[in-house]
1. When the chain is fully extended, how far beyond the present Cα-Cα distance does THR143 get from ILE85, taking 0.36 nm per residue of separation?
2. Separation between the GLU110 and SER3 pseudo-spin-labels, each 7 Å from Cα along Cα→Cβ, expressed in nm?
3. Remind me, what semi-axes does region 49-109 give for its equivalent ellipsoid, largest first in whole Å, using sqrt of 5 times each Cα gyration tensor eigenvalue?
4. Give the carbon-plus-sulfur fraction of the accessible surface of the chain in %, rounded to a whole number; probe 1.4 Å, heavy atoms of protein chains only.
5. Would you kindly find the accessible area of ASP61, with a 1.4 Å probe and non-protein molecules such as ligands, DNA and RNA excluded, rounding to the nearest 10 Å²?
6. Counting pairs on different chains as well as pairs 8 or more places apart, how many Lys pairs in the chain have Cα atoms under 25 Å apart?
7. Taking Cα atoms of the chain, Rg/Rh with Kirkwood Rh, to two decimals?
Amino acid sequence: MASKPVYVLNGPNLNLLGAREPDVYGRETLADIEADVKAQAKTLGLTVEFRQSNNEGTLVDWVQEADAKGSGLIINPGAYTHTSIALLDALKAASIPKIELHLSNIHAREEYRRKSLTAEAVNGVIMGFGAKGYRLALDAIKTLV
Ligand code: DQA
């Protein structure tokens with residue numbers, strides 16, 4: 001069992017999953033996803049620190065905390081993906097393995113979603129698999145930590 005947790009960070013509006021644009025993001029709530037990720041973590045011998053915030057600065061703080069206290073990081077930055085140089089800088093400064101995750105395939109959506117500022121600073125990106133993507137990301141981070 002890895003002693004340090006894998007941080008799974010979720011950005012703005014992801015607290016509304018299940019009710020928010022279910023055609024795009026699916027019907028699973030963030031609590032469903034957290035339970036699923038934690039069950040998956042158990043089978044992989046990992047522990048997970050699962051969080052959500054609507055605030056950019058809080059997410060920056062948590063990326064820094066993940067680097068100090070975690071073994072790896074999975075992050076769905078939500079809309080900050082497309083806007084946040086602060087989050088990009090925090091990710092660049094973090095030396096733990098990092099995976100960016102999106103429920104939807106951002107390249108198949110509106111033009112303004114097709115550019116990820118944060119992807120530059122991560123080991124890999126998983127997108128387009130809905131809630132299942134969190135499991136895929138955990139499998140991927142397991143190979144990196
Ligand atoms: C998202 C995609 C973003 O463009 C959007 O702002 C989100 C969710 C996704 O998981 O598909 O909030 O990160």
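The values are calculated or read from the model by the stated rules, or taken from the named source; none is laboratory data. Just so you know, these numbers come straight off a predicted model, no measurement behind them. Positions of Cβ are backbone-derived with ideal geometry, glycine not excepted, and every protein chain shown enters the neighbour counts. Surface accessibility is based on the protein's heavy atoms, side chains included, excluding ligands, DNA and RNA. Shrake-Rupley method; radii C 1.70, N 1.55, O 1.52, S 1.80 Å.
1. Details: separation 58, 0.36 × 58 = 20.88 nm, distance 2.77 nm.
Roughly 18.1 nm would be gained on extension.
2. Taking the two extended label points, one gets 4.7 nm.
3. Details: eigenvalues 72, 32, 25 Å².
Semi-axes (√(5λ), whole Å): 19, 13, 11.
4. On the way: 3480 of 6830 Å².
Here it works out to 51 percent.
5. Here the residue's solvent-accessible area equals roughly 90 Å².
6. 25
7. Values: Rg = 13.8 Å, Rh = 14.9 Å.
For the chain, the value is 0.93.
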